[in-house]
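Written out below as structure tokens is the structure these notes cover.
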Amino acid sequence: MNNKPLGYIIYDKEVLQEIYKTGRGSVKLRAKYQYDKKDNCIEVTEIPRLETENAPISATAVRRAMEQGDHEALKKLVPQTTYDYLCKEAYL
């Protein structure tokens, strides 16, 4: 297993650059937020934890699955895009 630290923001850099460049596109994020009309900004106040089988996903369980190379357990714990990213970046 590669010992790169976890906690990266997972996104497609080229897609974000295109959004910034053109002003068109979107990024999806489930969160509680407040819109400030005065400053015309959105303040994210809470990003809920992902759940699997009606329980929050444990970072410890994810690390354990990665350390043990348990791909099936990992697939159950993280979204497919996260799993694909971890495989692509050689974290697994």
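The values are calculated or read from the model by the stated rules, or taken from the named source; none is laboratory data. Worth saying up front: this structure is predicted, and the values here are computed from it rather than measured. In this analysis, Cβ positions are derived from the backbone assuming ideal geometry, glycine residues included, and neighbour counts consider all displayed protein chains. For the accessible areas, the whole protein counts, side chains as well, though only heavy atoms, and no ligand, DNA or RNA atoms are used. Shrake-Rupley method; radii C 1.70, N 1.55, O 1.52, S 1.80 Å.
For THR52, the residues whose modelled amide H falls within less than 5 Å of its own, excluding neighbours fewer than 5 places apart on the same chain, are ILE57. As a calculated quantity, the FRET efficiency between ARG64 and SER26 at R0 = 41 Å, using C-beta atoms, amounts to about 0.75.
Assign one of three labels to the range 11-85, namely rounded, prolate or oblate, based on the Cα gyration tensor with a ≥ b ≥ c the square roots of its eigenvalues; rounded applies when a/c is under 1.5, prolate when it is not and a/b is larger than b/c, and oblate otherwise. In terms of gyration-tensor shape, oblate.
The residues neighbouring GLY25, those whose beta-carbon lies less than 12 Å from its own, together hold a net charge of 0 under the Lys/Arg +1, Asp/Glu -1 convention.
Computed in the context of the full set of protein chains, the accessible area of the range 32-88 at 1.4 Å probe radius has 48% of its extent on carbon or sulfur.
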